[in-house]
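So the structure is just underneath, and the comments pick up after that.
The values are calculated or read from the model by the stated rules, or taken from the named source; none is laboratory data. Keep in mind it's a predicted model, so treat the numbers as computed, not measured. Positions of Cβ are backbone-derived with ideal geometry, glycine not excepted, and every protein chain shown enters the neighbour counts. Ligands, DNA and RNA are stripped out before the accessible areas are found, and what is left, the full protein with its side chains, is counted by its heavy atoms. Shrake-Rupley method; radii C 1.70, N 1.55, O 1.52, S 1.80 Å.
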Amino acid sequence: MEQLQRRGDYGIDAPGVVRNLLLMGAGFLFLAILAFMDLPGRLHWLGTLVEVVCTVSFLVVIIEALYMIWSSKAGKFHERERPLDLVALRGDEKVLDVGRGRGLVLNAAAGRLTTGQAVGVDIWNKQDQSGNDPETTRRNSVIEGVAERVEIVNGDARSMPFADSEFDVVVSSLAIHNIPTRKERDQAIGEIMRVLKDGGRFALLDFRHVQEYAEAFERHGAVQVNVIGPHWLMFPPVKIVTGRKA
């Protein structure tokens, strides 16, 4: 019970997508109601067909929207533990969370540390997550009781403001796919490898470009690269890329 009470507020992921799904659902419901009114004579079958199609479409998009809201408010608290389990934190590491958002994985990582430090870097894009703001991230770290082990930095994943070999572990959750081009995503992977110490570990959770990430990590000097998943707890299903720097 204590763990539930100390959860921060991590907003709605892809709020624009959720909004559009709800609007589409309202549109399909409206059309279904119109089609419910009988059409005369030989057109009656057309009204019935439109009613069935619109009703099914309404149910599909509303269920999808509600599932996305559930995953944002509940499901992702379970999902955030997967990459952290895979990097097997001892407690004394310096951990970087790339594309931090409101601090979901960052604070979970800090909660596993004793003498270590968790650093989050982001450009705070509100299109990717509602209420995306560094002050919200700080507030969540206070709520979860990890503020003393958390540092928040403004920076772009494609050119991070950190020294070479600064971190023992790098994690990222549902962030790198927001970088628009393959070349720029490769830059971000290269930056992760640059700031990671020799022998350091990484885990990326995402639902797009996952095989591309794995290949990029190997090009940039990673070993023991694995693609794990998909996992169906969140929507859409996600995969994790793990490995370590040679």
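Among the residues in segment 24-34, are any over 30 Å from ARG185 (Cα atoms), over 31 Å from the mean Cα position of the chain (by Cα) and open to solvent by less than 70 Å² (accessible area, probe 1.4 Å)? For segment 24-34, residues over 30 Å from ARG185 (Cα atoms), over 31 Å from the mean Cα position of the chain (by Cα) and open to solvent by less than 70 Å² (accessible area, probe 1.4 Å): present.
Is it the case that segment 179-192 has a residue that's under 21 Å from ALA246 (Cβ atoms), of a type outside the set (Phe, Trp, Tyr) and in contact with a strand residue (DSSP E or B) (Cβ under 6 Å, 6 or more places away or on another chain)? Checked segment 179-192: at least one residue is under 21 Å from ALA246 (Cβ atoms), of a type outside the set (Phe, Trp, Tyr) and in contact with a strand residue (DSSP E or B) (Cβ under 6 Å, 6 or more places away or on another chain). If you filter segment 99-113 down to residues that are basic (Lys, Arg) and farther than 16 Å from ASP206 by Cα, you find that the one that is surrounded by the fewest Cβ atoms within 10 Å (Cβ to Cβ) is ARG112.
Cβ separations smaller than 6 Å between residues 6+ apart or across chains give the following pairs from segment 156-173 residues that are more than 22 Å from GLU81 (Cβ to Cβ) to residues that are open to solvent by 50 Å² or more (accessible area, probe 1.4 Å) and at pLDDT below 95: ASP156/ILE123. For ARG182, indicate whether it is without any contact (Cβ under 8 Å) to a residue 40 or more places away in the chain and basic (Lys, Arg). Yes: the conditions hold for ARG182.
The single residue among GLY91, GLY116 that is surrounded by fewer than 16 Cβ atoms within 10 Å (Cβ to Cβ), free of Cβ contacts under 8 Å to residues at least 60 places away in the same chain and touching a Gly at 6+ places or on another chain (Cβ under 8 Å) turns out to be GLY91. Elements of the type helices (runs of 4 or more DSSP H) sitting completely within segment 1-118 and holding at least 2 residues that are modelled with pLDDT of 85 or more: these cover 15-36, 44-70, 81-87, 104-111. Of the strands (runs of 3 or more DSSP E) entirely within segment 130-246, those holding at least 3 residues that are at pLDDT 95 or above and exposed (fewer than 15 other Cβ atoms within 10 Å of the Cβ) occupy 222-231.
Residues of segment 149-179 that are within 16 Å of the chain's Cα centre (by Cα) and closer than 15 Å to HIS209 by Cβ: ALA157, SER172, SER173, LEU174, ALA175, ILE176, HIS177, ASN178, ILE179. More than 23 Å from ALA88 (Cα to Cα), over 14 Å from the mean Cα position of the chain (by Cα) and β-branched (Val, Ile, Thr): does that describe THR242? No.
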